[in-house]
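One structure is given here, and the rest of the page talks about it.
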Amino acid sequence: MQSKVAAVTMVREDAFFLTAWLRHYGAALGRENCYVINHGRGADVADLAAGCNVIGIPGDPHPNFDMKRWRLLNNLVGGLRSYYDHVIVGDVDELVVVDPGTGRGLLDWVSAQPIRRVLTPVGLEVIHRIDLEEAPIEGAILGPRRFVRHAPHYSKPCVVSCATKIARGGHFTQYGKLFAPPELYLLHLKFCDFGQYVAAMDRRNATTGALGVAVKDAAIGRHWFAEARGEDRAVFDAFATRQLAPFDFEPVRARMAASFRPRGETGFYEFDRPEDALIHELPERFFGLI
């Protein structure tokens, strides 16, 4: 498939999320335009990503894992921009989608966007309401899971078509304008299935446990550490206590635009990221999208 758009991620062992990532971007962009960094050269990752551009790298644990990861991703995105108009970059449990109400697929929509800019989708966390949705995910995620919450930390500037630096974690760039199109979302899948959440947290806790360092001594997200984990079922039970609100994120985009500013003296840009206690039911047009 001839594509002006590529997608890039790094993964280690997360077969469930990689399967969803491949199903989404492989179908939308063509696997030949998908770049999977196989951290640790796992055989399962290589098999699942067959037909993609798989880059194997050593998987030794390191306390500066996130710094190293984003240094590699930054340079790969910069290089791919010589061959693609747009590069989508993010974690394996993050999927950029276009509202199906536009009548356009991801490739057509992104290809039509002007270049030399960074696009920031509104972040939505797909949540598993274990009080209402009993079945585990076995195929498509949306439909079996129909609730989301606004996740401001996942409103990431992740569709890149210009020379810029992306901050560790992918939360900020050094691009000085905000483009947050009303039809663009980033769906974060961490909480989309209780069983998969527990398994992923077990793997991540094991990875950080092997380092033998505290949270404050590592450049790795706090959520990877057992000490910050909390009680798994309580996390999901709490979703049922949230107030249901309409699926309308234009006020969110307006707040992002109004608060967009330099992030101190770092060279990066940010916007306010207030959280709320609301959940939203996805319109049926999203069902089956991922």
> What are the residues in the range 242-290 that are in a strand (DSSP E or B), under 27 Å from residue 17 (Cβ atoms) and open to solvent by 60 Å² or more (accessible area, probe 1.4 Å), if any?
Replying inline: 244, 281
>> Considering only residues that are part of a loop (DSSP other than H, G, I, E, B) and either at positive phi or not small (Gly, Ala, Ser) (or both), which ones fall in the range 29-64?
In response: 30, 40, 41, 51, 52, 58, 60, 61, 62, 63, 64
> (1) open to solvent by 20 Å² or more (accessible area, probe 1.4 Å); (2) under 30 Å from residue 148 (Cα atoms): which one isn't true of residue 66, the others all being true?
Replying inline: (1)
> When you scan the range 1-28, how many residues do you find that are assigned to a loop (DSSP other than H, G, I, E, B) and of a type in the set (Lys, Arg)?
Replying inline: 2
> In the list 177, 165, which residue meets the criterion of being of a type outside the set (Ser, Thr, Tyr), surrounded by fewer than 14 Cβ atoms within 10 Å (Cβ to Cβ) and modelled with pLDDT of 95 or more?
Replying inline: 177
> Does residue 140 satisfy the condition of being open to solvent by 10 Å² or more (accessible area, probe 1.4 Å), closer than 26 Å to residue 54 by Cα and among the small types (Gly, Ala, Ser)?
Replying inline: yes
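The values are calculated or read from the model by the stated rules, or taken from the named source; none is laboratory data. Note that this is a predicted model, so its numbers are computed, not measured. Reconstructed Cβ throughout: ideal geometry from the backbone, glycine too, with neighbour counts over all protein chains shown. SASA here: full protein model, heavy atoms, side chains in, ligands and nucleic acids out. Shrake-Rupley method; radii C 1.70, N 1.55, O 1.52, S 1.80 Å.
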